[in-house]
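Undergrad: Below is a structure I'd like to ask you about.
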Amino acid sequence: MSIRLLLACAAGLSAATGAGLAAPADPLNPDVPVAPPSHRSAFDGYRRLADPKPTPWRQANDTVERIGGWRTYAREANAPPPDAAASAAAPPTHNAPAGHGGPDKP
């Protein structure tokens with residue numbers, strides 16, 4: 001960097017800080033007016049979640065009976081995941097780029 005460019009930058013910086021900008025207020029001066037403090041709670045606009053309405057026990061029992069009773073729930077719990085059959089039939093895929101098959105593969 002040339003010395004002229006450096007001096008021009010320094011002169012522009014001193015002119016910008018000295019002229020046109022107001023000096024900051026003295027923080028130790030008690031007579032300087034300040035804006036009143038403000039506070040905004042993090043909970044402003046918060047909406048509490050409502051508890052779900054409980055199902056009457058007779059209605060819950062009727063629903064279980066309608067879908068097949070406890071045996072239906074037992075079958076669902078022991079059934080394989082829906083995508084397990086598709087993934088067992090398809091061979092595993094290898095997404096590595098060519099030449100990155102591992103230490104024993106080119």
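Taken together, the values in this text are just the output of simple stated rules run on the coordinates, not laboratory data. What you see is a predicted model, and the numbers here were worked out from it, not measured in a lab. All Cβ positions, even for glycine, are placed from backbone atoms using ideal geometry, and neighbour counts span all protein chains on display.
Undergrad: Please give the contour-minus-distance gain from Trp70 to Leu49: 0.36 nm per residue of separation, less the Cα-Cα distance, rounded to one decimal in nm.
TA: This chain segment gains 4.4 nm when fully extended.
Undergrad: OK, next. Hey, fewest Cβ within 10 Å first, where do Asp83, Asp62 land in order?
TA: Result, fewest neighbours first: Asp83, Asp62.
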